[in-house]
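As structure tokens, the structure follows; a few thoughts come after it.
The values are calculated or read from the model by the stated rules, or taken from the named source; none is laboratory data. Computed from a predicted model, the values in this text were never measured in an experiment. Quick reminder, even Gly has a Cβ in these numbers, built from the backbone with ideal geometry, and neighbours come from all protein chains shown. Please note that ligands, DNA and RNA were not included when accessible areas were found on the heavy atoms of the full protein model with its side chains. Shrake-Rupley method; radii C 1.70, N 1.55, O 1.52, S 1.80 Å.
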Amino acid sequence: MKLEIDRDRLVRELDALGAISQELPPVVTRVVFTEADVRGREFVKQLCREAGLTIREDAVGNTFVRWIGENPGLEPVATGSHIDAIPNAGRFDGTVGVLGGLEAIRALAKAGHRPRRSIELVIFTSEEPTRFGIGCLGSRLMSGLLDPATASHYKDRDGVSLDDARSTAGFQGLLSSVRLPPAYYSAFVEMHIEQGPLLEQHKVPLGVVTAIAAPASLKIRIEGEGGHAGAVLMPDRHDAFLAAAEIALAVEQGARSSGSRDTVGTVGVCDIFPSAVNSIPSRARMEIDVRDTDDSRRDAVLRTIEQACAEITRRRGVQAHVEIVNADPPAHCAPHVVDTLVESCETHGLPFERMISRAYHDSLFMARIAPAAMLFIPCRDGVSHRPDEYASPESIAQGTLVLAEALARLASQ
Ligand code: GLV
Ligand code: MN
Ligand code: MN
């Protein structure tokens with residue numbers, strides 16, 4: 001089989017998808033179910049239709065694009081990623097796995113390959129937690145690891161419910177119908193940018209992921225007492241923001257003192273109310289992300305944050321409500337899918353490195369319902385979740401070539 005990746009077309013498509021944004025280029029912001037997300041989905045689906053593939057969408061907008069194999073009764077092999085993007089993001093996070101997955105299918109078809117199993121490209125809904133505060137919404141529901149009743153109560157910051165948001169974007173039906181039947185896929189492979197610096201530093205073109213670190217997130221709401229910034233004297237204050245600020249430092253301290261460099265903690269959201277320069281903040285709302293390769297060490301940090309929060313709020317005379325939104329276990333990739341990726345790199349003479357993923361991905365949840373692994377390509381300076389995120393056309397093409405090879409191998413098993 002002579003596999004040829006149409007690198008220029010793929011790069012053009014990534015650029016075109018990157019231009020579909022809620023902001024002006026080069027900033028990519030494509031929050032789930034916004035008009036930009038819907039346009040991005042339409043763009044990808046049109047490319048899939050042009051490639052002659054069949055498309056199905058579920059109630060939460062997960063999109064399944066199937067290339068039917070010789071034996072359609074066998075469990076398909078799947079690949080895919082996401083196209084939603086956090087505020088102020090770049091062009092490659094997620095999109096490389098979606099458009100690269102499509103190009104892998106097109107390259108296999110052009111090479112005259114006919115897979116034994118069907119190959120399915122999955123575009124997962126809301127891998128990013130921006131709108132509803134929880135990452136991997138689509139794959140959590142697909143894998144049955146998120147209760148549909150809990151999900152339907154999710155609201156965004158403007159109070160719009162998940163049900164209303166998905167229906168505005170054209171997705172209706174019961175969330176319970178999103179869950180896939182057991183053993184639905186025979187294997188799952190996701191290609192993604194590394195989002196870290198190791199491949200570039202080691203001058204290795206590809207990464208084969210063997211495990212994905214365990215993410216957790218918390219929401220904390222603090223209720224203090226507002227008042228006039230001139231009239232209320234310092235000893236009389238119950239400033240919600242100052243409690244939040246101390247909690248933020250406790251997050252940093254908890255992550256730094258865990259005993260491992262693998263623990264990371266971030267306060268990515270802190271809104272204060274009423275947000276006026278001459279008004280003491282009466283409310284604060286924080287969203288906190290804590291991760292580790294070891295979930296028990298991560299959980300110990302979560303407990304430290306909760307204890308610090310209790311102490312700080314007591315001392316400051318404010319009230320706090322702490323919600324652990326998710327605390328997921330790490331994922332371990334399936335040895336035979338890892339081996340297939342390794343053999344695919346070797347077949348094409350491309351050096352690779354085994355690595356863990358510190359970012360989370362839909363593969364974290366797919367790994368719970370199917371044998372799964374990931375393929376990483378380098379990104380410049382390890383930069384991601386920023387507009388200057390960049391992966392070279394050469395890296396994208398190399399990753400896509402290996403992905404195509406791996407899909408062909410997995411689909412023939
Ligand atoms: C995914 O975007 C993550 O935050 O790891
Ligand atoms: Mn991301
Ligand atoms: Mn991603």
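Amide H to amide H distances under 5 Å link Arg131 with Val32, where only residues 5 or more positions off or on other chains count and H is placed in the peptide plane.
Count the DSSP beta bridges whose two residues both fall in the chain, then state the antiparallel fraction as a percent rounded to the nearest 5.
Values: 47 of 68 bridges.
Rounded to the nearest five, the antiparallel share is 70 percent.
Between Thr347, Gly173, Gly265, the Cα set farthest toward the positive side of the dipole of the chain (charges on each charged residue's Cβ, about the Cα centre) is that of Gly173.
Lysines near Lys203 by alpha-carbon distance under 30 Å, same-chain residues fewer than 8 away left out - which ones? Excluding near neighbours in sequence, the set is Lys2.
Here the chain has 51 percent of its accessible surface on carbon and sulfur atoms, given a 1.4 Å probe and all protein chains in place.
Would you calculate a helix-derived [θ] at 222 nm for the chain, using -39,500 (n - 2.57) for each DSSP H run of n ≥ 4 and dividing by the full residue count, to the nearest 500? Result for the chain: -11000 deg cm²/dmol, rounded to the nearest 500.
Using a/c under 1.5 as the rounded threshold, could you call region 315-388 rounded, prolate or oblate? The axes a ≥ b ≥ c are square roots of the C-alpha gyration tensor eigenvalues, and prolate needs a/b larger than b/c, oblate otherwise.
oblate
Taking all Cα pairs closer than 8 Å and separated by 6 or more residues, the relative contact order of the chain comes to 23 percent.
Compared with the dominant Cα axis of the chain, that is its longest principal axis, helix 95-110 is turned about 10°.
With θ taken as phi - 60° and the Karplus curve 6.51 cos²θ - 1.76 cosθ + 1.60 applied, the whole-hertz 3J(HN,Hα) list for region 111-125 is 6, x, 6, 10, x, 6, 8, 5, 10, 10, 8, 10, 9, 7, 7 Hz, x standing for glycine and proline.
So what's the net charge close to Gly268: Lys and Arg +1, Asp and Glu -1, counting the other residues with Cβ under 14 Å from its Cβ? Walk me through the intermediate numbers first.
Details: positive: Arg131, Arg157, Lys219, Arg285, Arg291, Arg386; negative: Glu128, Glu252, Asp271, Glu287, Asp289.
Surrounding charge for Gly268 is +1.
Filter the trypsin sites (Lys or Arg not before Pro) in region 177-242 to those in DSSP coil with at most 12 other Cβ atoms within 10 Å of their Cβ, and list the result.
Details: sites: Arg179, Lys203, Lys219, Arg221, Arg237; in loops: Arg179, Lys203, Arg237.
Within region 177-242, the qualifying trypsin sites (Lys or Arg not before Pro) (loop, at most 12 other Cβ atoms within 10 Å) are Lys203.
Each label was represented as a point 7 Å from its Cα along the Cα-to-Cβ direction; for Leu24 and Ile68 these points are 4.8 nm apart.
The charge dipole of region 246-301, taken about the Cα centre with unit charges on the Cβ atoms of Lys, Arg (+1) and Asp, Glu (-1), comes to about 140 debye, rounded to the nearest 20.
If you take the square roots of the eigenvalues of the alpha-carbon gyration tensor of region 131-225 and sort them as a ≥ b ≥ c, do you get rounded (a/c under 1.5), prolate (a/b over b/c) or oblate? Please report the intermediate quantities before stating the final value.
Numbers: a/c = 2.41, a/b = 1.38, b/c = 1.75.
Note, shape of region 131-225 comes out oblate.
Each Lys and Arg contributes +1 and each Asp and Glu -1, all at the Cβ; summed about the Cα centre of the chain, the dipole is approximately 400 debye.
Placing +1 at every Lys and Arg Cβ and -1 at every Asp and Glu Cβ, with all other atoms neutral, what dipole size does region 11-52 have around its Cα centre, in debye to the nearest 20?
Working: 6 positive and 7 negative charges, 25 e Å.
Once rounded to the nearest 20, the dipole reads 120 debye.
Using a 1.4 angstrom probe, figure out how much accessible area region 1-46 has per residue, in square angstrom, rounded to the nearest whole. Before the final figure, lay out each step's value.
Numbers: 2340 Å² over 46 residues.
Ligands and nucleic acids excluded, the result is 51 Å² per residue.
In order along region 358-372, the phi-based Karplus estimate (6.51 cos²θ - 1.76 cosθ + 1.60, θ = phi - 60°) of 3J(HN,Hα) comes to 8, 7, 9, 8, 4, 4, 4, 8, 4, 5, 7, 10, 8, x, 9 Hz; Gly and Pro are listed as x. Candidate cross-link partners of Lys219 among the lysines, defined by an alpha-carbon separation under 24 Å and a same-chain spacing of 8 or more, comprise Lys155.
For region 99-213, report the accessible area per residue in Å² (1.4 Å probe, heavy atoms, rounded to an integer). Could you put the intermediate results ahead of the total?
Working: 4130 Å² over 115 residues.
Per-residue accessible area for region 99-213 comes out at 36 Å².
For region 205-220, backbone phi angles converted through the Karplus equation (6.51, -1.76, 1.60; θ = phi - 60°) give residue-by-residue couplings of x, 9, x, 10, 7, 9, 7, 10, 4, 8, x, 9, 9, 10, 10, 10 Hz, Gly and Pro being listed as x.
First check a/c for region 159-300, with a ≥ b ≥ c the square roots of the eigenvalues of its C-alpha gyration tensor; if it is under 1.5, answer rounded, and if not, answer prolate when a/b is larger than b/c or oblate otherwise. Since a/c reaches 1.5 but b/c is at least a/b, the shape of region 159-300 is classed as oblate.
Per 0.36 nm of contour for each residue apart, how much would the distance between Glu346 and Asp8 grow if the chain were fully extended, relative to their Cα-Cα spacing? Show your work: numbers first, answer last.
On the way: separation 338, 0.36 × 338 = 121.68 nm, distance 2.41 nm.
Computed gain between Glu346 and Asp8 is 119.3 nm.
Annotation: extensible slack from Arg49 through Met1 equals 14.8 nm (criterion: 0.36 nm per residue apart, minus Cα-Cα distance).
With the simple spin-label model, which puts each label point 7 Å out from Cα in the Cβ direction, the Tyr184 to Met234 separation comes to 5.8 nm.
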